[in-house]
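One structure is given here, and the rest of the page talks about it.
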Amino acid sequence: MIVAYVQFPTGGESADKMAELFEGSAPKYTTMKGLIRKYYLLSEDASMAGGAYLWESKADAEAVFNSDWRAFIKERYDADPQVTYFECPVVVDNLTDEILTRAQVQKVA
């Protein structure tokens, strides 16, 4: 599994406006190939936003974070997004009382 950490400046948008934008874009992520989870992120002062994405593979993430996506973020927030990738061998989910491993995800994919 891969975690992609995305961040970009909000361009001065308010926390309420950012929440509205996040809620509006959320449905498009529900059927995205390879996406396991997405967390929308907003700094306490609302100056930075982004997301933490849990993907089955880096290839799935890179298919989404392409030049069209980067242009969309640049147009919407007047800023280039920064994407950092991390290996994620284990996830602890206390809501579902599960521990998810890379091997389990590979069996499902």
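Bear in mind these aren't lab numbers, they're just calculated from the coordinates by the rules spelled out. Note that the structure is a prediction, hence the values are computed from the model and not measured. Every residue, glycine as well, gets a Cβ built from its backbone with ideal geometry; the counts of neighbours run over all protein chains shown.
A few comments on the model shown:
- Between 0 and 90 degrees, the angle of helix 15-25 with respect to the longest Cα principal axis of the chain falls at about 50 degrees.
- Computed lengthening from Q82 to E20, 0.36 nm per intervening residue step minus Cα-Cα distance: 20.1 nm
- Loop-resident GluC sites (Glu not before Pro) (DSSP state other than H, G, I, E or B) in the stretch 1-87 with no more than 16 further Cβ atoms inside 10 Å of their Cβ: E44.
- Each label was represented as a point 7 Å from its Cα along the Cα-to-Cβ direction; for Y39 and K58 these points are 2.2 nm apart.
- Excluding same-chain neighbours fewer than eight residues apart, the lysines reachable from K58 by a Cα-Cα span under 20 Å are K28, K33, K38, K107.
- Candidate values (i) 1.01; (ii) 1.34; (iii) 0.99 were compared with Rg/Rh (Cα atoms, Kirkwood Rh) computed on the shown model; the agreeing label is (iii).
- Most positive-pole-ward Cα, Y39, Y77, A19, against dipole of the stretch 15-99 from beta carbon charges: Y77
- C-alpha long axis of helix 67-77 to longest principal axis of the chain, angle in °: 40 degrees
- Hypothetical label at Q7: residues of the stretch 49-70 whose amide nitrogen lies under 18 Å (7 Å Cα-Cβ projection): 49-54
- When the chain is described by a simple charge dipole with +1 on each Lys and Arg Cβ and -1 on each Asp and Glu Cβ, the residue from A59, I2, V90 located farthest towards its positive end is A59.
- For a modelled paramagnetic label at V90, 7 Å from Cα along Cα-to-Cβ, the residues of the stretch 21-38 in reach, with backbone nitrogen under 20 Å, are 37.
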